[in-house]
Structures are given as C-alpha cells and as structure tokens.
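K.L.:
Pasting in a structure now, in structure tokens, and then I'll have a few things to ask.
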Amino acid sequence: MSGNNMLKIGIPKGSLEEATVNLFARSGWKIRKHHRNYFPEINDPELTARLCRVQEIPRYLEDGVLDVGLTGKDWLLETGADVVTVSDLVYSKVSNRPARWVLAVAGDSPYVRPEDLAGCTIATELLGVTRRYFEDAGIPVKVQYSWGATEAKVVEGLADAIVEVTETGTTIKAHGLRIIAEVLLTNTVLIAGKAAWADPWKRAKIEQIDLLLQGALRADSLVGLKMNVPAHNLDAVLDQLPSLNSPTVAGLRDSAWFAVEIVVENDLVRDLIPRLRSAGAEGIIEYSLNKVI
C-alpha cells in the first residue's frame, strides 16, 4: 500500500452518529469511538475517520480536508458545496425513512397555508433553504436563524412559524404546533470530494464503501427463509413464495423431499409462514441478513 492509499472519511456526529456507526458495523467496518476524541479507530488500514457535524462535512470535502463523508441532503443544499453525490443512503436516527423539513405554526393560530405567513417571522436552522422556499413562492417573510430549541420559538412568541426537521411529527405535536407545509424531503447521502473522486484508487475505495453500505441497508428490510418440502407439496409451496429472485430448490438425500430457500420482505413473513405451513412446508427457519448485494 502506497502512502497515498489512505481515505479520509467524515462520520456524522450527533443525531446520526449511532445509526451511522451501526450501519458501518453491519457493512464490515468497526468504528471504535474514544471519549472526547474526534478521531475514532476503524478496522481498516486504508481508512482514517473523523467525527464531524453533518453541517460541516460538505465544506470539509469541498476544501479537501476529507475525501468522503456522510451528510444530509438538506445540508448539502444549504451549504451549496461543490462535491460529488455518490448515492442516497436512506436511513435516519430512528428509521430507514426520509426525514422532512416542515413549516409549522401554533396549533391555535389562524395560519393554514404558507401564503398566510406573509410579513411574518420564521425561525429555523436551515436558513438558506427556507429563504429560497419562500422566495420561490413569492411570499415575503423574515427568516431568522435558530440556535436550537426551535419548536419553542413559536411557544415563546419569538417567531410566528418554524421550519424544523421531523421524522414522525411527534415532537412538533408535543409542542402544540401544527404542520401546514412540507419544505424539503431529506435523507443521508454519501458524498465525495472532487479530487478524491478523480483519484482512481480513492474512487474504487469509495465505491466499495458505497456497495457494502447499500447492501447493509437493503438487508434491513429482508429476511431469509429455509424450509423442507415434501415433493408432492412442492408446487403448492412455490406458489406462495414472493422472492427477491427465483427461490433456490435443492433435492435432499431422501428423494421424496426438497430444501427451499428464499429472501423475502420482512413485513411479509408474519402472513407468509402460516401459508407455507398450510401448503405443506416443514422445518421453516427464518434468519436475518447482514448484507444483500
């Protein structure tokens, strides 16, 4: 390995931190964090990791401080950094669904549409995106930066509305707020610096990381099923199987039986297994998957 064969990767610190570390672990990279240290260990001699705020990662890549990193599509738009978007990685701190930046007002306020907020004050951390949203809609508002506790700004009378990120809407509702519009749908993205992307070795390493991260995310929604099926019930069992590809069917030593194996969506299993049992399958085993490539 030459001295240049080292990839500098930015790991998001904060709300995405644990989900990202877990995703890398499922992909084959163990990230070991140290207390009060922004440079965690990673079990790959070709990688060096740094914990950074998601808001800073695009700029670090643009400036060449990092080669590759994970940030939000929202912060990529907010910073306008000139980087390469390698892929979408749809996961968040609590789910594998995109998050939303929403426009919210007090539950008892008269505002029901964004247009109703003309002349009002909007508080948000996503300053640039919010300004462009209202400018594009032709709605004159005052947008103020929020340094945190954004939901409380309306309650405290410091703003007429907020633009805040949410996954379930629970926190918004808990503060007595009401969502009146969606400003932006966002998810995690894998991004690369242009210089790193132009380097053949670094690009190949980034593509390897992307392939395995995507495989681990895909596996989250899938499980494997194995079962034994009497020959006379094989067609009936196969008729029940929704499969990622064609199911694997192999003869057993006892020619009157077959082994069948498939990969299916996790949310189908609770209804599928009873149907397979009724169709004649026996010894049904469900197992989790680390990666599906």
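K.L.:
Could you look through the stretch 224-242, keep only residues that are outside any helix (DSSP H, G or I) and among the charged types (D, E, K, R), and pick out the one that is farthest from the chain's Cα centre (by Cα)?
P.N.:
Among residues in the stretch 224-242 that are outside any helix (DSSP H, G or I) and among the charged types (D, E, K, R), the one farthest from the chain's Cα centre (by Cα) is Asp239.
K.L.:
Can you work out which of the residues in the stretch 224-273 that are more than 24 Å from Val292 (Cα to Cα) and among the charged types (D, E, K, R) is surrounded by the fewest Cβ atoms within 10 Å (Cβ to Cβ)?
P.N.:
That would be Arg253.
K.L.:
Using beta carbons and a limit of 8 Å, which pairs, at least six apart or on different chains, have the first residue in the stretch 28-55 and in a strand (DSSP E or B) and the second one acidic (Asp, Glu)?
P.N.:
Filtered contacts from the stretch 28-55: Ile31/Glu41; Arg32/Glu41; Ala49/Glu41; Leu51/Glu17.
K.L.:
Please specify each residue of the stretch 18-54 satisfying the condition of being open to solvent by less than 40 Å² (accessible area, probe 1.4 Å), under 21 Å from Gly148 (Cβ atoms) and touching a Leu at 6+ places or on another chain (Cβ under 7 Å).
P.N.:
Val54
K.L.:
Considering each residue of the stretch 208-223, count those that are in a helix (DSSP H, G or I), small (Gly, Ala, Ser) and touching a helix residue (DSSP H, G or I) at 6+ places or on another chain (Cβ under 6 Å), and give that number.
P.N.:
1
K.L.:
Follow-up question, since we're still on this one. Just to check your reading of the model, which residue among Glu167, Glu207, Glu182 is within 25 Å of Arg26 (Cβ to Cβ), among the acidic types (Asp, Glu) and modelled with pLDDT of 95 or more?
P.N.:
None of the other options fit; the residue is Glu207.
K.L.:
If you don't mind, another one. Given the options Lys153, Lys226, name the one that is basic (Lys, Arg) and at pLDDT below 95.
P.N.:
Only one candidate passes the filter, namely Lys153.
K.L.:
Which of the residues that make up the stretch 147-170 are under 12 Å from Ile122 (Cα atoms), touching a strand residue (DSSP E or B) at 6+ places or on another chain (Cβ under 9 Å) and either open to solvent by less than 30 Å² (accessible area, probe 1.4 Å) or part of a loop (DSSP other than H, G, I, E, B) (or both)?
P.N.:
Passing the criteria: Thr150, Glu151, Val154, Leu158, Ala159, Asp160, Ala161, Ile162, Val163, Glu164.
The values are calculated or read from the model by the stated rules, or taken from the named source; none is laboratory data. No experiment lies behind these values; they were computed from the predicted model shown. For neighbour counting, all protein chains shown are included, and Cβ atoms are generated from backbone atoms with ideal geometry for every residue, glycine included. Areas reflect the complete protein model, heavy atoms only, side chains present, ligands, DNA and RNA absent. Shrake-Rupley method; radii C 1.70, N 1.55, O 1.52, S 1.80 Å.
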